[in-house]
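The values are calculated or read from the model by the stated rules, or taken from the named source; none is laboratory data. Predicted model only: the values in this text are computed from it and were never measured. FYI the Cβ positions are ideal-geometry reconstructions off the backbone, even for glycines, and counts take in every protein chain you see. Areas reflect the complete protein model, heavy atoms only, side chains present, ligands, DNA and RNA absent. Shrake-Rupley method; radii C 1.70, N 1.55, O 1.52, S 1.80 Å.
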Amino acid sequence: MKQQLSYLILTSFLLTSGCWATEAVTNYPFENEEEQIITVLFSNNHTIQNESSFYDALLEFQQLYPDYDLPLTIVYEDERDIIQYFEITEFPTLLVIDGQTVELRIEGHHGKEDILNKLNSIVPQQM
């Protein structure tokens, strides 16, 4: 009887904690206007040495397109709800988000030129 009671309590706890986790990742994690484009870099301490090419590419992109506003937000590995929402499995990962739509996703280690070429692909043709 005691074992069944423990099983019942443990099962209830696991079911309710699963509901909490699902709730945390279903809401869009950023407050940005529908037309606003943001850049999000997902970072962790284990792969921080691979992030310099992302920063270099973003800086060069801003120099090439000074009128194209691309604000940067850094999400660290302890911000699990945002990482789960965007299904991030590899660090670093760069997302360019327009409103709530991911326009560009670059995962893992990449060279500056590769990142810059991918960023260039999202610039409107009239720029």
Worksheet item: What tally of residues in region 55-69 results from selecting those that are assigned to a helix (DSSP H, G or I) and among the hydroxyl-bearing types (Ser, Thr, Tyr)?
Response: 1
Item to complete: Among the numbered conditions (1) open to solvent by 100 Å² or more (accessible area, probe 1.4 Å); (2) within 17 Å of GLU51 (Cα to Cα), tell me where HIS110 comes up short.
Response: (1)
Worksheet item: Just to be sure, is ASP98 open to solvent by 20 Å² or more (accessible area, probe 1.4 Å), charged (D, E, K, R) and in contact (Cβ under 8 Å) with a residue 24 or more places away in the chain?
Response: yes
Discussion item. Here's a check for you: in region 70-85, which residue that is in a loop (DSSP other than H, G, I, E, B) and not acidic (Asp, Glu) is modelled with the highest pLDDT?
Written reply: PRO71
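Conditions tested, residue by residue: (1) modelled with pLDDT under 95; (2) surrounded by fewer than 14 Cβ atoms within 10 Å (Cβ to Cβ); (3) part of a helix (DSSP H, G or I).
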site: GLN4; (1), (2), (3): yes, yes, yes
site: ILE9; (1), (2), (3): yes, yes, yes
site: LEU14; (1), (2), (3): yes, yes, yes
site: GLU34; (1), (2), (3): yes, yes, no
site: SER53; (1), (2), (3): no, no, yes
site: GLU87; (1), (2), (3): no, yes, no
site: LEU94; (1), (2), (3): no, no, no
site: ILE106; (1), (2), (3): no, no, no
Response to the item:
Here the residues within region 60-85 that are of a type outside the set (S, T, N, Q), open to solvent by 90 Å² or more (accessible area, probe 1.4 Å) and over 16 Å from ILE122 (Cα atoms) are TYR76, ASP78, ARG80
